[in-house]
Amino acid sequence: FPGYLSPSLGLKFADVPNGLAALSKLPVLGGAQMVAFAGLIETTGFFQAESTTDGRGPREGAFAMMDSTETGEPGNYGVGFPNFLGKVDDPEARKSKLAAELANGRLAMMAIIGMFFQDGLTGSAWGDWATYTASPLRAFESELGVQEPVGFWDPAGFTADGDLAKFKRRRSVELKHGRICMMATMGYITPEVIGKLPGYLSPSAGLKFADIPNGLAAISKVPTAGWAQIAAYFGFVEFSGGFTDYKTGTPGDYGFKVLTSSDPAEKTKKLAAEIANGRLAMVAIIGMFFQDGLTGSAWGDWALYTASPLR
């Protein structure tokens, strides 16, 4: 804005920086006015809903106030949409606009927190992350798996300490889990597409492969001895491969050279694709488990999930 924010202090609007830096420039009295106005709206029911007559009231617990719209239509303060410009009479248009308001509000809550973090770490809400020189993620930002559009993504902060040994151990685990889940996902899909193997799974029990259902239902059909064989094979693979690949060499490299190339760029591309596909498979197999468990099939119709609380 042109002019002065605080004439008594000679402070112009142009003197106040954008973002979080403005907090240090704002006069104390200005901050107090903002707090007082927000408090007036919050505690007095400044926007009184038409759908209620009791307005605001105390709620159990300190500093907890009841919103004046809670007993009517939440968020409807009787002032129309948008910004006092009038109400929407058409029911379908009103429903669409209210849904859009909720969606935009959810997006804005995420966006403003992201801006706060980016501003605090780079000095600007639109700041260049390259200026965040203290970032512990710089130790790993050139590693495999750092891919567009998110770049290095570690929302849980596992790499915040910059410990290379821990990173390599987690990368080894990620690769192993990704490979298992890729096989598991294909194991779910293949019988649905091409059918079962011929012959017997257990000749002694007279159990054919065709008798085994797809998905989670197979767990109860496989004989105990069969599960013991599966567990024994897993154990053999785990212990024969060892658990120190990340300590003595490249995480996930067990000497089985499938994804390789004499061209370094091509090899990097293939290894990055393995990580990306493994991540997708981990999400996919969990989704299949849930859908199978709730509908009876990995490709089940959600309409069969009659116990859904969303109904």
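It is to be established whether one or more residues within the stretch 284-296 are part of a loop (DSSP other than H, G, I, E, B) and over 24 Å from Lys166 (Cα atoms).
Yes.
Restricting attention to the stretch 3-13, which residues are touching a residue at least 12 places away in the same chain (Cβ under 8 Å) and open to solvent by 50 Å² or more (accessible area, probe 1.4 Å)?
Leu5, Leu9, Phe13
Which members of the stretch 265-290 meet the condition of being open to solvent by 40 Å² or more (accessible area, probe 1.4 Å), within 26 Å of Pro213 (Cβ to Cβ) and not aromatic (Phe, Trp, Tyr)?
Leu280, Met282, Val283, Ile286
Taking the residues in the stretch 153-188 that are without any contact (Cβ under 8 Å) to a residue 24 or more places away in the chain and assigned to a helix (DSSP H, G or I) as candidates, determine which candidate is farthest from Tyr233 (Cα to Cα).
Step one: of the stretch 153-188, the residues without any contact (Cβ under 8 Å) to a residue 24 or more places away in the chain are 153-159, 163, 166, 170, 173, 180, 183, 186-187.
Now restrict to residues that are assigned to a helix (DSSP H, G or I): 166, 170, 173, 180, 183, 186-187.
On the way: Lys166: 28, Arg170: 24, Val173: 19, Ile180: 14, Met183: 15, Met186: 19, Gly187: 17 Å.
Looking at residues that are without any contact (Cβ under 8 Å) to a residue 24 or more places away in the chain and assigned to a helix (DSSP H, G or I), I get Lys166.
Against the condition modelled with pLDDT of 75 or more and aromatic (Phe, Trp, Tyr), how does Phe239 come out, does it pass? Steps first, please.
Values: modelled with pLDDT of 75 or more: yes; aromatic (Phe, Trp, Tyr): yes.
Yes.
Any residue that is in a helix (DSSP H, G or I), open to solvent by 90 Å² or more (accessible area, probe 1.4 Å) and at pLDDT 85 or above - is there at least one of those in the stretch 196-209?
Yes, because at least one residue in the stretch 196-209 is in a helix (DSSP H, G or I), open to solvent by 90 Å² or more (accessible area, probe 1.4 Å) and at pLDDT 85 or above.
Could you check the stretch 210-249 and list, in sequence order, the residues that are assigned to a loop (DSSP other than H, G, I, E, B) and either over 27 Å from Leu164 (Cβ atoms) or open to solvent by less than 90 Å² (accessible area, probe 1.4 Å) (or both)?
Selection gives Ile212, Pro213, Asn214, Lys221, Val222, Pro223, Gly242, Thr244, Gly249.
Of the residues that sit in the stretch 72-93 and are outside any loop (DSSP other than H, G, I, E, B) and at pLDDT below 85, which one is farthest from Ile41 (Cα to Cα)?
Looking at the filtered set, the residue picked out is Gly86.
The values are calculated or read from the model by the stated rules, or taken from the named source; none is laboratory data. Predicted, not measured: the structure shown is a model, and the values here were computed from it. Reconstructed Cβ throughout: ideal geometry from the backbone, glycine too, with neighbour counts over all protein chains shown. Keep in mind that these areas ignore ligands, DNA and RNA; they rest on the heavy atoms of the full protein, side chains included. Shrake-Rupley method; radii C 1.70, N 1.55, O 1.52, S 1.80 Å.
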